[in-house]
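A.B. asks: Have a look at the structure that comes next, please.
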Amino acid sequence: MTLDPPPVPTLALPRIARRRARGLRSRLRDRLAGLLTYSIRSRWTVVATRAELRSIVLHPERLPEWWPAAFLEVDRLHPPDRIGAGGVYRVNAKGLAPFTVRMRARVTHASDRRICIHTQGDFDGRARITCRPLTAPASDGTRRWEVRISWWTHVHKPLLRALTPLLKPLLVHNHRWAMARGEIGLERTLDRGRAVRRGIDPATFPPPPGPTFPHNLVWLRQAARRRSALRDACARAAR
């Protein structure tokens, strides 16, 4: 003898359907939040003195100088304190793809070997750059360093939010392409700096890799520099 399941009251069916719909929406939101969140770590190795590395890597305003492939403009909005924390910057960045992202970055921690940055804008998140010596200093003071860059962020730019569910691996590749250009740019900037101190023409060393199309066009870079100079002039006038 088999027992039939008890009948479900008719009035309970809408409640069950609504509960299941809420659960499905919650799972979809969690899945989308996971797709829009990135956690990427990169590791570089460079040869430099402690002072050289600190003067370049731990100063955000120098990013367009040694990492122009990724950072088109970095304008300082608020100066940092004596140790480098508290500075606020307006950042216009890109990667291999032709679009740009705009953020406001604030340095939350700075020390001899580490800088932590909080970003808001097209990307909301935080970045941490840590420098660690791998070898003892040579006779000229240089040593091999490990530079670790960790990036945790959530996408807010509408274009990227739309593309992320389908193209997240390509966007990760876009980031890793920019990171590889950053390592090359850092090495070349260090080489050119040493050449100047030794009385060698730095033009004999290749410059850091530049941005991709369309920001590699000369007239576009000139327009960007004019905009940056105009913003700086307006900021000085406002003070």
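The values are calculated or read from the model by the stated rules, or taken from the named source; none is laboratory data. Please read these numbers as outputs of a predicted model, since none were measured by experiment. Quick reminder, even Gly has a Cβ in these numbers, built from the backbone with ideal geometry, and neighbours come from all protein chains shown.
Yes/no per residue for (1) at pLDDT 95 or above; (2) part of a loop (DSSP other than H, G, I, E, B):
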residue	(1), (2)
ILE115	no, no
HIS118	yes, no
GLY125	no, no
ALA136	no, yes
SER139	no, yes
ARG144	yes, no
TRP151	no, no
HIS154	no, no
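A.B. asks: So, one more: HIS175 passes all but one of (1) of a type outside the set (Lys, Arg); (2) within 30 Å of ARG82 (Cα to Cα); (3) within 12 Å of the chain's Cα centre (by Cα); which number fails?
C.D. replies: (2)
A.B. asks: Kindly indicate the residue of region 45-86 that is free of Cβ contacts under 8 Å to residues at least 60 places away in the same chain and within 21 Å of ASN216 (Cβ to Cβ) and also nearest to the chain's Cα centre (by Cα) among those meeting that condition.
C.D. replies: Across region 45-86, the extreme among qualifying residues is PHE71.
A.B. asks: Given (1) under 11 Å from the mean Cα position of the chain (by Cα); (2) surrounded by fewer than 21 Cβ atoms within 10 Å (Cβ to Cβ); (3) not β-branched (Val, Ile, Thr), identify the lone condition not met by ALA93.
C.D. replies: (2)
A.B. asks: Return only the number of the condition from (1) out of contact with any Cys (no Cβ under 7 Å at 6 or more places or on another chain); (2) in contact (Cβ under 8 Å) with a residue 40 or more places away in the chain that VAL91 does not satisfy.
C.D. replies: In the conditions (1) out of contact with any Cys (no Cβ under 7 Å at 6 or more places or on another chain); (2) in contact (Cβ under 8 Å) with a residue 40 or more places away in the chain, VAL91 misses (2) alone.
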